[in-house]
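Undergrad: Please read through the structure below; I'll follow up with questions.
The values are calculated or read from the model by the stated rules, or taken from the named source; none is laboratory data. The structure displayed is predicted, hence computed values, not measured ones. Every residue, glycine as well, gets a Cβ built from its backbone with ideal geometry; the counts of neighbours run over all protein chains shown.
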2 protein chains.
Amino acid sequence: MPYPSQVNAETIVQAAASLIETHGADGVSLSAVGAALGVKAPSLYRYFDNKTALLRAVNQQTAARLTSALVEATEPEPDPAAKVMAMFRAYRAFAHAHPALYSLAYLSGSPELRVGEAVADQFGAAMQGVIAELVGAERALPVLRAVWALAHGFVALELAGLFERQGGAGLDAAYDEAVVLFVGGIRLG
Amino acid sequence: MPYPSQVNAETIVQAAASLIETHGADGVSLSAVGAALGVKAPSLYRYFDNKTALLRAVNQQTAARLTSALVEATEPEPDPAAKVMAMFRAYRAFAHAHPALYSLAYLSGSPELRVGEAVADQFGAAMQGVIAELVGAERALPVLRAVWALAHGFVALELAGLFERQGGAGLDAAYDEAVVLFVGGIRLG
DNA sequence: TCTATAAAACTAATGATATTAGTCTTTACT
DNA sequence: AGTAAAGACTAATATCATTAGTTTTATAGA
């Protein structure tokens with residue numbers, strides 16, 4: 001292999017993710033990503049067809065990381081209700097820890113940035129198991145959707161600054177309260 | 001007034017909104033907006049400081065339209081629970097009717113596109129009244145946040161294509177089911 | 001009716017960015 | 001040592017947003 005590469009797809013994704021976290025998704029140009037790796041922008045095209053493909057790869061990494069975080073958070077909990085509660089909390093904690101990455105992955109309207117089916121399935125499968133323990137396998141899918149909607153909706157509105165009217169103070173409690181209300185509703189069936 | 005203007009802020013916003021609905025938010029350049037009005041791109045700067053300001057105005061219009069739709073939908077319903085149910089349905093219906101506009105207004109991470117406080121307050125106030133009828137004024141705010149989170153989360157994930165694994169067939173029912181679960185939870189307190 | 005004025009739009013220019021084409025450089029194998 | 005190809009670079013193009021400066025044109029007043 002003549003001329004061993006100075007970068008690869010993985011290091012590029014890392015550099016891009018890092019830039020997104022620090023400078024926001026808008027401040028990330030291909031030359032900025034290249035500069036972070038000591039390389040010029042056109043060199044990146046050897047590893048990604050275009051900028052969209054790179055960002056999609058970043059989103060895939062984000063989705064995988066979120067899935068891991070949720071799995072790790074639910075694992076130690078003993079009973080199903082506690083697992084679901086832990087899952088909700090871990091979901092929001094992840095979004096708070098990586099707001100720019102979360103926004104890019106889940107708050108962008110553009111279909112081109114969508115993460116592939118494989119990753120989406122991995123996420124769904126992991127969560128569905130936890131839900132199924134609580135409500136049974138046959139009801140797991142609709143309940144999973146509702147759970148995901150509540151968690152995503154809350155953090156999305158929060159990150160978008162649409163809950164800021166009363167200051168961010170009450171939001172931790174508001175989230176927990178919403179989850180409790182909802183899990184209560186789930187139990188009723 | 002010499003040289004009466006061919007455009008004004010309102011017609012520009014309309015043209016931009018129309019282009020966004022048909023070509024998506026990405027396909028909207030200032031020259032496209034200008035062309036739709038028989039004017040060149042730089043002329044738009046007389047009415048908006050920059051593209052961001054124009055898009056923010058579009059988002060304000062979207063938020064106002066959504067608020068109207070919700071108010072109109074809840075008004076005819078007699079009892080509080082029916083009002084809340086109607087509100088949920090109208091929220092999703094609006095997002096489906098104007099997916100690109102909804103996405104731009106509520107699915108964009110950029111803080112610069114955020115609608116102003118006035119519009120956000122108008123929205124909040126209208127909804128809070130309906131919620132207060134159901135759960136009382138003191139619990140209205142956290143419950144409103146939860147309601148909004150559920151509705152927004154569901155349509156956001158739906159519009160982002162993240163619920164597409166099983167086809168869009170079951171989504172209407174899944175939404176209604178989630179809402180019913182949640183309203184049930186609310187009633188418990 | 002003519003003309004000066006100011007609003008409003010235009011053309012031209014700049015800077016950033018994604019992307020493509022074509023050139024050069026470097027390492028591994030002979 | 002010499003060569004071939006991987007891999008990176010420079011240069012060029014197109015598209016935008018944005019700014020500066022110029023031109024047009026309807027109206028108010030002479």
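Undergrad: Can we say B:Arg114 is at pLDDT below 95 and crowded, with 17+ Cβ neighbours inside 10 Å?
TA: Yes, satisfied.
Undergrad: Then there's this: Do the conditions hold for A:Val58, that is, is it buried (at least 19 other Cβ atoms within 10 Å of the Cβ) and hydrophobic (A, V, I, L, M, F, W, C)?
TA: Yes: the conditions hold for A:Val58.
Undergrad: Shifting gears a bit: Which one of these is within 13 Å of chain B (Cβ to nearest Cβ) and away from DNA strand D (no atom under 16 Å from the Cβ): A:Leu70, A:Leu66?
TA: A:Leu66
Undergrad: Further, regarding this structure: Please go through the range A:47-78 and give me each residue that is among the basic types (Lys, Arg) and more than 9 Å from DNA strand C (Cβ to nearest atom), ordered by number.
TA: Across the range A:47-78, the qualifying residues are A:Arg56, A:Arg65.
Undergrad: Okay, moving on. Without any contact (Cβ under 8 Å) to a residue 24 or more places away in the chain and surrounded by 16 or more Cβ atoms within 10 Å (Cβ to Cβ), is that true of B:Lys51?
TA: Here the answer is yes, as B:Lys51 does meet what is asked.
Undergrad: Please enumerate the residues belonging to the range B:105-118 that are over 19 Å from A:Leu150 (Cα atoms) and facing chain A (nearest Cβ under 7 Å).
TA: Residues satisfying the conditions are B:Ser110, B:Pro111, B:Arg114.
Undergrad: Kindly establish whether A:Ala41 is buried (at least 19 other Cβ atoms within 10 Å of the Cβ) and away from every other protein chain (no Cβ under 14 Å).
TA: No: the conditions fail for A:Ala41.
Undergrad: Could you tell me whether B:Gly109 is more than 19 Å from B:Leu157 (Cβ to Cβ) and not assigned by TED's automatic domain parsing to the domain that holds B:Glu21?
TA: So B:Gly109 does not fit the description; no.
Undergrad: Here is a further query. What is the one condition in (1) surrounded by 15 or more Cβ atoms within 10 Å (Cβ to Cβ); (2) modelled with pLDDT of 85 or more that B:Ala120 does not satisfy?
TA: Single failed check for B:Ala120: (2).
Undergrad: Let me ask something else. Of (1) within 12 Å of DNA strand D (Cβ to nearest atom); (2) more than 27 Å from B:Pro111 (Cβ to Cβ); (3) within 14 Å of chain A (Cβ to nearest Cβ), B:Val84 satisfies all except one. Which?
TA: Exception for B:Val84: condition (1).
Undergrad: If you go through the range B:6-35 one residue at a time, how many are free of Cβ contacts under 8 Å to residues at least 24 places away in the same chain, within 12 Å of DNA strand C (Cβ to nearest atom) and surrounded by fewer than 18 Cβ atoms within 10 Å (Cβ to Cβ)?
TA: 4
Undergrad: Residue check: is B:Gly161 within 20 Å of A:Glu158 (Cβ to Cβ) and facing chain A (nearest Cβ under 7 Å)?
TA: no
Undergrad: Hey, does the range A:146-159 have a residue that's surrounded by 22 or more Cβ atoms within 10 Å (Cβ to Cβ), in the same structural domain as A:His96 (by TED's automatic domain parsing) and in contact with an Asp or Glu (Cβ under 8 Å, 6 or more places away or on another chain)?
TA: Looking through the range A:146-159, at least one residue is surrounded by 22 or more Cβ atoms within 10 Å (Cβ to Cβ), in the same structural domain as A:His96 (by TED's automatic domain parsing) and in contact with an Asp or Glu (Cβ under 8 Å, 6 or more places away or on another chain).
Undergrad: Moving on. For the range A:3-46: of the residues being among the polar types (S, T, N, Q) and assigned to a loop (DSSP other than H, G, I, E, B), which is farthest from DNA strand D (Cβ to nearest atom)?
TA: For the range A:3-46, the residue satisfying everything is A:Ser29.
Undergrad: Here's a follow-up. Anything in the range A:66-89 that is crowded, with 19+ Cβ neighbours inside 10 Å and either within 20 Å of A:Ala17 (Cβ to Cβ) or in contact with a Leu (Cβ under 7 Å, 6 or more places away or on another chain) (or both)? List them, or say none.
TA: Matches in the range A:66-89: A:Leu66, A:Thr67, A:Leu70, A:Val84, A:Met87.
Per-residue answers, yes or no, for (1) part of a helix (DSSP H, G or I); (2) within 29 Å of A:Pro99 (Cα to Cα); (3) within 7 Å of another protein chain (Cβ to nearest Cβ):
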| residue | (1), (2), (3) |
| --- | --- |
| B:Tyr102 | yes, yes, no |
| B:Ala120 | yes, yes, yes |
| B:Gly124 | yes, yes, yes |
| B:Leu134 | yes, no, no |
| B:Glu138 | yes, no, no |
| B:Leu150 | yes, yes, yes |
| B:Ala178 | yes, yes, yes |
| B:Val183 | yes, no, no |
